[in-house]
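To keep things clear, I will list the structure first and then write my remarks on it.
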Amino acid sequence: MQRHTGRDMWDVEECQSPRMGSVILGVDGGASNTVCVCIPAAMPFNDPLPVLSRTVAGCSNHNSVGEDRARETLERVMSQALLKARRRRSNVCAVCLAVAGVNHPIDQQRMLDWLRDIFPSHVKLFVENDAVAALASGTMGKLHGCVLIAGTGTIAYGFTSDGREARAAGAGPVLGDWGSGYGISAQALTAVVRAYDGRGPETALTNNILDFLGLASPDELIGWTYEDQSWARIADLLPVVVESAESGDEVANKILHNSVGELASSVKAVVQRLDLGGEDGKHPFPLVMVGKVLEANKRWDIGNEVIDCVTKNYPGAYPIHPKVEPAVGAALLAWNAIASELDGDIRTVQ
């Protein structure tokens, strides 16, 4: 694959005739892919929200692909989004980068310094963990409540109305993102190997996973697993695990039941630390649910099982399944942050 420098990516700016109007870039960078949306700064909040352009690239988690490759991916989606919207960097008034792997103020500052080298000095810059954008996608840019992301990885993240925040999980597969697509799939692979060795019960996962991968024997799983250890590749086995559970396989069902408990525990840990539910747990707060693991299937609905588990302790939690994607949530975060500085006829999100 041809690699491009940052200068190469932006060269096309000088070759186009830009349209007028300020814009905001929102970026959601996860373990599987990276999405950038470009929205008008002076926008009415219609349904659906106006999106001038949308671009997609690969993983931008620096813990997974390295810092250079992550930055190349982020810069590519931003430059392409502006190109598709026929805008230049001079048209940008704010950028919100919400990226997996940004877990410490040092990470944030490093990304802010990098962005400052790319965009003009007037551009307002914001860097957050991708969970923050996911929360904002369900609350229209307001940071209050708890979000549970369960895709390739998993994290629970919460905010109080006075700005306190807390998180649980999200430490990556080595430290145990159980309940994520990767965690579920990795446990399924382990179950197949254990069954083959005679250390665990027989399971339909064996034939189902081998058929899905086009392999002849569990022996071949070792080579398949280690030839490319990308988290998203392992997580792609999630539908096989769910289908096996829905067909009645006890091992697959046990994996999913345990995953529900892990995901619910992450949410409850955040809610307890921030006291989102109040003393009796009945104080209302949004619980934003994001990610492919939480999507309903024929018989198994992991997301609904997690909600049932959480609301037993915190009946005030009300689930939200966002109508917009996290990249739009990132753009809304930036929009809310700078709304008072925009034209007087632009109102804040209600």
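The values are calculated or read from the model by the stated rules, or taken from the named source; none is laboratory data. Please read all numbers here as calculations on a predicted model, not as lab measurements. So basically every Cβ, Gly included, is an ideal-geometry build from the backbone, and we count neighbours across all protein chains shown. For accessibility, only protein heavy atoms count, side chains too; no ligands or nucleic acids. Shrake-Rupley method; radii C 1.70, N 1.55, O 1.52, S 1.80 Å.
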What number of residues in the stretch 270-291 are of a type in the set (G, A, S), open to solvent by 20 Å² or more (accessible area, probe 1.4 Å) and under 26 Å from K323 (Cα atoms)?
1
Provide a single number: the residues in the stretch 324-338 that are touching an Asp or Glu at 6+ places or on another chain (Cβ under 8 Å) and open to solvent by 30 Å² or more (accessible area, probe 1.4 Å).
1
Can you find even one residue in the stretch 74-84 that is part of a helix (DSSP H, G or I), in contact (Cβ under 8 Å) with a residue 40 or more places away in the chain and surrounded by fewer than 19 Cβ atoms within 10 Å (Cβ to Cβ)?
yes
Quick check on the stretch 116-125. Is at least one of its residues of a type in the set (S, T, Y) and either within 25 Å of K323 (Cβ to Cβ) or open to solvent by less than 10 Å² (accessible area, probe 1.4 Å) (or both)?
no
Please determine whether any residue of the stretch 112-129 is within 11 Å of the chain's Cα centre (by Cα) and within 17 Å of A317 (Cβ to Cβ).
no
Count, please, the residues in the stretch 296-308 that happen to be in a helix (DSSP H, G or I) and open to solvent by 40 Å² or more (accessible area, probe 1.4 Å).
3
Residue set V51, V99; condition surrounded by fewer than 21 Cβ atoms within 10 Å (Cβ to Cβ), in contact (Cβ under 8 Å) with a residue 60 or more places away in the chain and hydrophobic (A, V, I, L, M, F, W, C); output residue V51
I'm told C15 meets every condition in (1) modelled with pLDDT under 80; (2) open to solvent by less than 70 Å² (accessible area, probe 1.4 Å); (3) among the hydrophobic types (A, V, I, L, M, F, W, C) except one. Can you identify the failing condition by its number?
(2)
